Amino acid sequence: MKPFPPKNPCPCHSGDTYMACCRPFHQGKAAPTPVKLMRARYSAYALQNAEFIMQTTHRESPHYKTDKRLWRAEILAFTQQTEFIALTILNTTADTVTFRAGLLQNQRDASFTERSTFKRMDGKWQYVSGVYD
Ligand SMILES: [Zn+2]
């Protein structure tokens, strides 16, 4: 994970500082809502925090991998070739978040809109899957 100053603006683009936004979740606090977890996962990608992505992916998720070394390498490869420039939350329900992620890869627009589904496990929200809109 990249070192990141706690008082800098949060990489999830909420406008809050990192310490007032996603940092507590990266430090192990349970996200109280799917949208907070979604934001924390976005900022974890931006900070190349592969552990957080793996820990918050539900075991039933199609993205879940038992080979953690391979999975970590794939996440890091994605984060290292991507700039995470914007995040807009479009809609939320009890267990879904629809968002637009603004991404750049090799200076090209790689933005997408996704509706993610979340499930609680052991009292913690986890990411299950997403569909592109
Ligand atoms: Zn944040």
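Quick note: the coordinates plus some simple rules give every number you see, no bench work behind them. A quick note: this is a predicted structure, and the numbers were derived from the prediction, not measured. Cβ placement follows ideal geometry from the backbone for every residue including glycine, while neighbour counts extend to all protein chains displayed.
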Taking only pairs six or more apart or across chains, which ones have beta-carbon atoms under 7 Å, a first residue in region 6-20 that is touching a residue at least 24 places away in the same chain (Cβ under 8 Å) and on the phi > 0 side of the Ramachandran plot, and a second residue that is more than 9 Å from the ligand (Cβ to nearest atom) and among the hydrophobic types (A, V, I, L, M, F, W, C)?
H13/A86
Looking at region 53-92, which of its residues are in contact (Cβ under 8 Å) with a residue 24 or more places away in the chain, in contact with a Phe, Trp or Tyr (Cβ under 8 Å, 6 or more places away or on another chain) and not hydroxyl-bearing (S, T, Y)?
H58, H63, I75, F78, F84, L87, I89
Can you name the residue in region 95-122 that is of a type in the set (D, E, K, R) and touching an Asp or Glu at 6+ places or on another chain (Cβ under 9 Å) and is also surrounded by the fewest Cβ atoms within 10 Å (Cβ to Cβ) among such residues?
R120
Residues (part of a loop (DSSP other than H, G, I, E, B) and closer than 13 Å to Q126 by Cβ) located in region 10-32:
A30, A31
Run down T57, T66 and say which single residue is buried (at least 19 other Cβ atoms within 10 Å of the Cβ), polar (S, T, N, Q) and more than 16 Å from the ligand (Cβ to nearest atom).
T57
